[in-house]
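Trainee: Okay, handing you the structure first.
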Amino acid sequence: MKKFSVLAICAVMAMSVSAQEISSRAKAMRMMTFSKPEYIVKDIKVLADTMTVYSLADYVIYPIGKWENVEQYITNTQLQWYREVGYKRYFDSMSVSVNTLRRLDDSYLDMYRSITTGRVEMIAGKITDPEVVLDNGVHVGMTKEDVFRIIFKRFPKSYVADINVLKVISGAGEVGEIYTFRGNKLRHIGIISKYKYY
C-alpha cells in the first residue's frame, strides 16, 4: 500500500510539473500576440521568473543607438562620462581597441568601432544610473509595466507579475539586454554580446 501511495504522489507531481511547463509556453505564445510590430518578436520563452524575448529589431543590436564613433554618443547624451581606452581579447586570439565609458556609480559601457559596419558596436555594459537612457527609452527606475509596454501593446498584468528578469535577445542570440527588476522597479540593465570582434 505504501508503494502505491508513493507512486501516486510521484505521478501527481510529474503531472503538475508538466502542466506548469504547458502554462508557461501558453503564456509565452499569448504574449507574442501582444508584441509591437517594430520589435519583430520571433519567439518568447518563460522559465521560472525569467522571460526571454527573441527580437530582430535594431533596438536589440544597437541599444544606445547607431553611432559612427564614440564621441557622437558622448556628445548626444550630454552626460559626464569617464573614458578609458585599451585593448581587450574576446573569444579568440584577436585583440580589439575598446572604449569603456564609466559613470560615477560604476555604470559602464564597453564598445568599439567596427571596421565592417562602420558603427559603434556594443561589447558589454552594466547600467544602474537612471540618467543613462537606452535608444528605446528604457532607463533604470522605470516600473516593470512601463518596461513591458515598450515591447508589448498590452498584456495581462498577471503574466508579468512574477517576472524578475526580462531578457531581450537578438534573433541569432549574439547581442542582448537583460533587465532585472526588484519589486516593481527596474534596478539594473545588463548588455551582453557574443560577437567575435574583427
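Trainee: Using per-residue counts of other Cβ atoms within 10 Å, averaged over each peptide, order 69-78, 121-130 from highest down.
Mentor: The peptides rank, most packed first, as 121-130, 69-78.
Trainee: How large a share of the accessible area of region 85-178, in percent, is made up of carbon and sulfur atoms when the probe is 1.4 Å and the other protein chains stay in place?
Mentor: Reported share for carbon and sulfur atoms: 49 percent.
Trainee: Can I ask one more? State the answer as a single residue: which of Val70, Val96, Val85 lies farthest towards the positive end of the charge dipole of region 31-104, with beta carbon charges of +1 for Lys and Arg and -1 for Asp and Glu, about the Cα centre.
Mentor: Val85
Trainee: Please tell me which of these pairs span more than 27 angstrom C-alpha to C-alpha: Lys27/Lys144; Lys42/Lys66; Lys88/Lys144; Lys45/Lys194?
Mentor: Exceeds cut-off: Lys88/Lys144.
Trainee: Moving on to the next point. How far apart, in nanometres, would the label points at Asn184 and Phe34 be if each is projected 7 angstrom from Cα along the Cα-to-Cβ direction?
Mentor: A separation of 1.6 nm, rounded to one decimal place.
Trainee: Give me the extension gain from Ala26 to Ala172: residue separation times 0.36 nm, minus the current Cα-Cα distance, reported in nm with one decimal.
Mentor: Taking 0.36 nm per residue and subtracting the Cα distance, the gain is 50.2 nm.
Trainee: Further question: Measuring from label point to label point, each 7 Å out along Cα→Cβ, what is the Glu71 to Ala48 span in nm?
Mentor: Result: 4.7 nm between the two label points.
Trainee: Once Lys and Arg get +1 and Asp and Glu get -1 on their Cβ, which of Thr128, Pro156, Ile169 lies farthest toward the positive end of the dipole of region 123-198?
Mentor: Farthest along the dipole direction, towards plus: Pro156.
The values are calculated or read from the model by the stated rules, or taken from the named source; none is laboratory data. Only a predicted model underlies this, so the values are computations on that prediction, with no experimental measurement involved. For neighbour counting, all protein chains shown are included, and Cβ atoms are generated from backbone atoms with ideal geometry for every residue, glycine included. Just so you know, the surface numbers come from the protein's heavy atoms only, side chains and all, with ligands and any DNA or RNA stripped out. Shrake-Rupley method; radii C 1.70, N 1.55, O 1.52, S 1.80 Å.
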